[in-house]
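The values are calculated or read from the model by the stated rules, or taken from the named source; none is laboratory data. Note that this is a predicted model, so its numbers are computed, not measured. A quick note on method: Cβ atoms are made from the backbone with ideal geometry, for glycine too, and the neighbour counts reach across all protein chains shown. Just so you know, the surface numbers come from the protein's heavy atoms only, side chains and all, with ligands and any DNA or RNA stripped out. Shrake-Rupley method; radii C 1.70, N 1.55, O 1.52, S 1.80 Å.
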Amino acid sequence: MKKHIVSFVVLALTAVGAACPIFAEQNSSSLEAHVHGLSELTIAVEGETIELQLSSPAMNLVGFEHRASSEKEIATVKNVESILRQPQTLFAIVGADCKAIHSHVDSSSLTAVDHHSHNQDEHKHHDDHDDHDDHEKHDSHSEIVANYSYKCAETTKLESVKVLLFDVFLGIEIINVLWVTPANQGSVKLRANNSDVQLR
């Protein structure tokens, strides 16, 4: 079932990109440029299931993009992971009786162990070298990806998804959204003062 949903999401969002070439071009450019302040959200509805995927530069969420090395940085990553695992504080689904049944957060680009001694030496002296810090921030381009699954009683009554991420993560300024339902599809650019995704 999960594999089927993932395939549906990929095919559906490909269709959205084809239907909205301007947005697709902007979306592709933003991902390649890795723009701080910009995040991506996909929403797919099929049957009684809603799937969401959030992809964001780590800078927007934890304030840095290099591999976490100090205790403070590691604690920050763990705190953000904990927040991202609570979809009820990040999204509000309007019009359908939905319950979050699964969440997964991938922040491995910030926490993976580096086995190269040269890089380990660099990280040991990370706090003492601002130039090195800036260099890593520009080179690593780390992202955090979070996936959510909802089970809904009546998705036919689904009206919108209110995105609460702007209130939780002040580093997020814009969210590019691609969405698809059995009846419709579209795209929208969200900001703090306009954070609803209308699905009708």
- Message: For the stretch 151-168, give me each residue that is more than 19 Å from Glu81 (Cα to Cα), surrounded by 15 or more Cβ atoms within 10 Å (Cβ to Cβ) and under 17 Å from the mean Cα position of the chain (by Cα).
- Response: Val161
- Task: Name the residue, out of Ser117, Ser140, that is modelled with pLDDT under 95, among the small types (Gly, Ala, Ser) and open to solvent by 60 Å² or more (accessible area, probe 1.4 Å).
- Result: Ser117
- Query: Could you list, in sequence order, the residues of the stretch 35-45 that are modelled with pLDDT of 95 or more and open to solvent by 10 Å² or more (accessible area, probe 1.4 Å)?
  - Reply: Leu38, Glu40, Thr42
- Query: Name the pairs: first residue in the stretch 97-112 and more than 27 Å from Ser70 (Cα to Cα) and open to solvent by less than 60 Å² (accessible area, probe 1.4 Å), second residue basic (Lys, Arg) and part of a strand (DSSP E or B), Cβ to Cβ under 8 Å, at least 6 apart or on different chains?
  - Reply: Cys98/Lys151
- Task: Considering only residues that are in contact (Cβ under 8 Å) with a residue 40 or more places away in the chain and of a type in the set (D, E, K, R), look in the stretch 50-80 and name the one that is least open to solvent (accessible area, probe 1.4 Å).
- Result: Glu65
- Residues of the stretch 73-112 being part of a loop (DSSP other than H, G, I, E, B) and either modelled with pLDDT under 95 or more than 18 Å from the chain's Cα centre (by Cα) (or both), which ones? Gly95, Ala96, Asp97, Ala112
